[in-house]
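The values are calculated or read from the model by the stated rules, or taken from the named source; none is laboratory data. These numbers were taken from a predicted model, which means no experiment stands behind them. Virtual Cβ from ideal backbone geometry, glycine too; neighbours counted across all protein chains shown.
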Amino acid sequence: MKVLVYGSGGRDHCLADTYADSRHVDKVYFAPGNPGVLHTPKGKRGLIEPVKLEDFQKVADFCLEKGVDLVDVGSENPLEKGLVNVLNQAGVKTVGPKEAFVKLESDRAFTNDLLRRIGVSKPEYRIFDDPAAAKQYVRAIGYQVVVKANGLAAGKGAIVCEDTMDAEAAVEKIMVEKIFGDSGKRVVIEERKYGTEISFFAYLDGKHVMPLKMFAQDYKPAFDPDDHDSIREFGGNLNTGGTGCYCPHKLLSPWLVNRIIKEIVNPTVNAIYNDLGWDYRGVLYFGLNLDPYDSLDVFEINVRHGDPEWEVLARKLSTDIFEIGMAAWAGRLDQVKQVWNDQSYVDVIAMEGRSKAARGWNKGYPARYGKGHRIVGLDEIGKGVAVYFAGVDQDAEKGLVTFGGRVLHVVAGDATLEGAREKAYRSIRKIAFLDHNNDNMNCMRFRETIGL
Ligand code: GLY
């Protein structure tokens with residue numbers, strides 16, 4: 001079988017890698033892909049092949065020409081632009097929702113109202129189109145809030161606020177300065193919750209739901225909590241949309257999985273199939289919070305796997321992904337058996353740190369970061385430790401170089417979480433990003449506390 005994975009980030013690379021492990025699959029095309037893949041064993045063997053295609057009709061033509069059996073769309077942007085619609089019209093089988101159903105992620109106000117209507121627990125929230133009214137609201141309620149851009153923002157559109165001044169500043173940044181572009185024309189202001197975040201996933205096939213009975217924890221803040229110097233320098237511990245991840249989550253238990261399915265997944269899927277009448281096929285991501293008083297709330301719903309959650313879940317999943325993907329397309333998810341191996345996994349993300357610019361310095365991700373730094377040390381990573389590439393590029397002279405703020409994921413597994421952490425950190429320390437403006441000093445940065 002031939003599969004095409006559409007995307008270019010770490011989650012998409014991991015998806016391509018997982019399909020390449022399927023006993024049914026002998027070729028995975030990765031479009032538009034990233035050049036890092038060619039530096040991995042599967043890329044070198046031609047099992048995963050990046051193809052520089054972005055135009056949706058060209059992707060459909062390519063699938064027909066090559067006889068691609070299934071396309072899995074990894075991220076929200078191509079889904080929102082209707083890639084699945086174009087492929088299905090051409091007769092290509094897909095995993096991922098159609099354009100109209102992406103609203104669950106791209107319109108928080110719509111999803112919040114849906115959840116409220118069906119009685120699924122959410123933090124208290126209000127929706128605003130006017131910044132003055134939003135500021136008046138945060139002043140009036142006084143309690144801590146999270147201010148969220150209503151539209152897509154690559155998993156980064158939420159600002160967690162300590163106090164009223166913070167909340168007013170967040171409204172200003174999102175609605176007036178438009179740091180997330182037009183996604184911030186409308187905001188959702190939510191009560192800030194404390195507790196433990198849980199990222200929970202389910203596959204849908206238009207008739208059934210297959211909740212994954214395994215969940216992960218994402219680390220969103222850019223810095224370790226005790227990295228006071230950086231937090232001060234960057235003006236807060238910014239929410240980056242993922243600096244690392246581990247699974248199984250420390251709260252994983254059969255009773256909590258059952259509770260999540262009963263209180264959250266089933267009512268939501270029932271509303272999608274029966275109230276909205278949507279033929280939704282693909283992944284649903286439930287961003288949840290369990291607070292110290294046992295209240296289980298939905299923070300957000302997304303229409304794809306989490307990044308970096310998928311990078312650890314995929315390693316732990318023993319069920320053949322091609323069988324899941326085909327079942328999601330064909331309405332047969334009720335016949336899929338879920339199997340998970342007994343290892344723990346840790347994903348540590350290598351980011352661009354402080355580097356020298358032509359004039360002055362780049363502070364590094366999540367502020368301004370440099371690009372084009374040669375990535376070295378990949379050949380020293382031991383067997384069994386996966387490297388998934390995100391913000392990378394191929395330079396004619398330097399070879400593989402950095403291109404984004406979050407550059408690559410190092411994912412290691414072991415019988416214990418401590419063992420997985422030890423392997424992941426030992427491996428990532430072998431990699432360096434050479435700062436050509438600064439005597440080739442290493443400008444890579446990563447968090448030290450993933451999985452702790
Ligand atoms: N892990 C956050 C996201 O995928 O949006």
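A compact table of results
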{"read-out": "E309 vs. criteria modelled with pLDDT under 95, within 23 Å of S199 (Cα to Cα), within 16 Å of the ligand (Cβ to nearest atom) and of a type in the set (D, E)", "value": "no"}
{"read-out": "Some residue of the range 79-92 being of a type outside the set (A, V, I, L, M) and over 30 Å from T18 (Cβ atoms)", "value": "no"}
{"read-out": "R304 at pLDDT 95 or above, within 16 Å of the ligand (Cβ to nearest atom) and basic (K, R)", "value": "yes"}
{"read-out": "Number of the exception - K430 against (1) part of a helix (DSSP H, G or I); (2) under 25 Å from D12 (Cα atoms)", "value": "(1)"}
{"read-out": "The range 53-69, subset in contact with a Phe, Trp or Tyr (Cβ under 8 Å, 6 or more places away or on another chain) and of a type outside the set (F, W, Y), residue farthest from G82 (Cα to Cα)", "value": "K66"}
{"read-out": "Options V95, V68, V73, V25: the member that is farther than 23 Å from K383 by Cβ, more than 21 Å from the chain's Cα centre (by Cα) and β-branched (V, I, T)", "value": "V68"}
{"read-out": "Criterion: in a loop (DSSP other than H, G, I, E, B), surrounded by fewer than 16 Cβ atoms within 10 Å (Cβ to Cβ), at pLDDT 95 or above and within 24 Å of the chain's Cα centre (by Cα) - qualifying residue of E397, E448", "value": "E448"}
{"read-out": "Evaluation of V298 against (1) β-branched (V, I, T); (2) away from the ligand (no atom under 16 Å from the Cβ); (3) in contact with a Leu (Cβ under 8 Å, 6 or more places away or on another chain) (one fails), failing number", "value": "(2)"}
{"read-out": "Residue within the range 6-19 that is over 26 Å from R406 (Cα atoms) and of a type in the set (K, R) present", "value": "no"}
{"read-out": "Out of A367, A350, A358, A327, sole residue that is among the hydrophobic types (A, V, I, L, M, F, W, C), under 25 Å from the mean Cα position of the chain (by Cα) and in a loop (DSSP other than H, G, I, E, B)", "value": "A367"}
{"read-out": "Strands (runs of 3 or more DSSP E) contained in the range 185-278 and holding at least 2 residues over 22 Å from the mean Cα position of the chain (by Cα) and away from the ligand (no atom under 16 Å from the Cβ)", "value": "187-191"}
{"read-out": "For Y345: the one exception among (1) within 16 Å of the ligand (Cβ to nearest atom); (2) assigned to a loop (DSSP other than H, G, I, E, B); (3) within 22 Å of P254 (Cα to Cα)", "value": "(2)"}
{"read-out": "Filtered residue count, the range 227-275, keeping only those that are free of Cβ contacts under 8 Å to residues at least 60 places away in the same chain and aliphatic (A, V, I, L, M)", "value": "6"}
